[in-house]
Each structure stands twice: as structure tokens, then as C-alpha cells.
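Inspection log for the structure reproduced underneath, given as C-alpha cells.
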Amino acid sequence: MPALRKYENTGAYLHALYNAMIANLDKRLAEKGYAAITPSHALVYENLDDAGARITSLAASAGITKQSMSALVNKLEADGFVKRHRDPQDARAVLFRLTARGRALRRKARRLNYQYEQKWAQKLGAKEYLRFKEMVSTLVGEPTTDLNVNV
């Protein structure tokens, strides 16, 4: 195995890759009429399934505080992407679910990310790009959130 030329922080490369994807998504969503949506809002719409979720579980899934998650959810609710419902298991608790507008946003964001990844696959070649994803999966495991999209 070839030795590294010098210590190069792999995290910096992965961070740059992630930032490129987020910047592209932010720009493309704005072009599609979602200018008020920020990258932070993905912490909500990517962690909400059809059953809905409480603030505490959303915050835990996203790795942020309940207070931060509440601010994100409140903004998305005010903009019509999320709606609150009484939890059928506990009338004192509140579940949040995506509205039709929120589900459309999630589909659009996933499609845009897919299209951006296709550009990476073209640069590396489809086979090499798949291998890259397999290597990342070997290092860190499978994603905990299903971000797949039917295209």
C-alpha cells in the first residue's frame, strides 16, 4: 500500500465534499422557489417519516438540541412544510409530520442531490464512484437515514 505523502486530514476532504453538495442544494432549491429553506432545515425534513416524530426524537436523530430543533420545526410549520398533530399514544405529546408541501420539498431536495452526485459519477466514472461509496461505507457504516430517491 502506498504511504501518504504527508498527513492529510481526510475529514477536510469529506467536509469539502459535503459542503459542495450543500452549497449546490441551497442554490438549486432557491432557483426552484425554496429560497427560505436553509441546509439546516434538512435536519427536519430528512428525519421525518410518514408516522411523524416528536421534537425529542427529531433532535436526537439530527444530533442537535431540542431547542434548536424546535426553532427549525417552528419555521417550517410557519411556512407550511410541517404540521403538528396530537400523538395518538399520548394526548399530551405532539407529533410533527410533513405536509404535502414538505414531502414535495424532500423529493425535490433528494432529486437535486441525486443529479449533483451524477456529476461526481461522471467525473470519476460510474464504477469508481460506486467503489468510492462502498469504501466510505466500509469506514463509517451505512447511513442511518434513508435518503434514497426514486428518479
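Just a few scattered comments:
- When the Cα gyration tensor is reduced to axis lengths a ≥ b ≥ c, the ratio a/c is 1.5 or higher for region 28-87, and with a/b above b/c it is classed as prolate.
- Region 10-140, dipole about Cα centre (Lys/Arg Cβ +1, Asp/Glu Cβ -1), debye to the nearest 20: 340 debye
- Every pair of different Cα atoms in region 88-133 enters the Kirkwood calculation, which places the hydrodynamic radius at 13.4 Å.
- Spin-label zone in region 110-141 - amide nitrogen under 16 Å from a point set 7 Å from the Cα of K27 along the C-beta vector: 112-120
- Mean Cα-pair separation over length for the chain, i.e. relative contact order, pairs under 8 Å, 6 or more apart, %: 20 percent
- Taken as Cα centroids, region 112-129 and region 1-55 sit 16 Å apart, rounded to the nearest whole angstrom.
- A helix-only calculation puts the chain at -18500 deg cm²/dmol for mean residue ellipticity at 222 nm, using -39500 (n - 2.57) for each DSSP H run of at least four residues, averaged over all residues.
- For T99, residues with placed amide H under 5 Å, excluding near neighbours: V82, K83
- Tail fraction, Cα-Cα pairs, the chain, threshold 19 Å, whole percent: 61 percent
- As a rough guide to protection, the peptides 26-38, 121-133, 99-111 ranked by mean Cβ packing within 10 Å, highest first, stand as 99-111, 26-38, 121-133.
- Relative contact order [Cα under 8 Å, 6+ residues apart], region 68-151, whole percent: 19 percent
- GNM flexibility winner over the chain from L58, L95, L14 (Cα, springs under 10 Å): L14
- Neighbourhood charge, 15 Å Cβ-Cβ cut-off, centred on N74 and excluding it, Lys, Arg +1 and Asp, Glu -1: +4
Bear in mind these aren't lab numbers, they're just calculated from the coordinates by the rules spelled out. Because the structure is a prediction, the values reported are computed rather than measured. All Cβ positions, glycine included, derive from the backbone under ideal geometry; neighbour counts span all protein chains shown.
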